[in-house]
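The values are calculated or read from the model by the stated rules, or taken from the named source; none is laboratory data. Quick caveat: nothing in here was measured; it's all calculated off a predicted structure. Here the Cβ positions follow ideal geometry from the backbone for every residue, glycine too, while neighbour counts run over all protein chains shown. Accessible surface areas use protein heavy atoms only, side chains included; no ligands, DNA or RNA. Shrake-Rupley method; radii C 1.70, N 1.55, O 1.52, S 1.80 Å.
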Amino acid sequence: KHIIKYAINKVNSNSTGVNFNYEFEEYDGSSLFEVVNASCNLLTKDVVVVISPDISNNIATQADVFNSVKMPLIASAATDSYLQTAGRNQLYVMAPSDLTQAQVLVDLLTKFGWTKLSLISSDSNY
């Protein structure tokens, strides 16, 4: 949040004629209700695009809310390929899909001849 504020203020302080306004809507993402509520709260503000660093499941919900009013959603971290289904034409995913990331890992293992590896994981959808 602080980095985004800093970047926007930096752009706004330059004399380029571009001036961005922003709204933050925070939630802990632990329930679908919170995701929908935060998304709907943004719809009541003077917002024309939403940028969300959320996980794929929450992005799917946000995309459905924002797509219904033709508001673009930029997903900076979601990776699940199911997000790119028909009807979500206002969703822009920046991160490579899970399948692409997996293929890159296999390519790296093959390229460097690595035959033994370890995985560190977390208890999350990602």
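For this structure, a couple of remarks:
- The residue that is nearest to Ile51 (Cα to Cα), among those in region 65-104 that are among the hydrophobic types (A, V, I, L, M, F, W, C) and loosely packed, with under 13 Cβ neighbours inside 10 Å, is Met94.
- Residues of region 11-44 that are in a loop (DSSP other than H, G, I, E, B) and among the acidic types (Asp, Glu): Glu23, Glu25, Glu26, Asp28.
- The listed residue being more than 24 Å from Lys1 (Cβ to Cβ) and at pLDDT 90 or above, out of Asn67, Asn58: Asn67
- Within region 53-107, the residues that satisfy the criterion of being assigned to a loop (DSSP other than H, G, I, E, B) and farther than 22 Å from Ala38 by Cα are Thr85, Ala86, Ala95, Pro96, Ser97.
- Once region 47-64 is narrowed to residues that are farther than 30 Å from Gln103 by Cα and out of contact with any Asp or Glu (no Cβ under 8 Å at 6 or more places or on another chain), the residue that is most open to solvent (accessible area, probe 1.4 Å) is Val48.
- Members of region 22-46 found to be under 16 Å from Pro72 (Cα atoms) and open to solvent by 80 Å² or more (accessible area, probe 1.4 Å), listed by number: Tyr22, Glu23, Thr44, Asp46
- Pairs linking a residue in region 5-23 that is free of Cβ contacts under 8 Å to residues at least 24 places away in the same chain and more than 17 Å from Val47 (Cα to Cα) to a residue that is of a type in the set (A, V, I, L, M) and surrounded by fewer than 10 Cβ atoms within 10 Å (Cβ to Cβ), with Cβ atoms under 7 Å and 6 or more positions apart or on different chains, are Val11/Val18.
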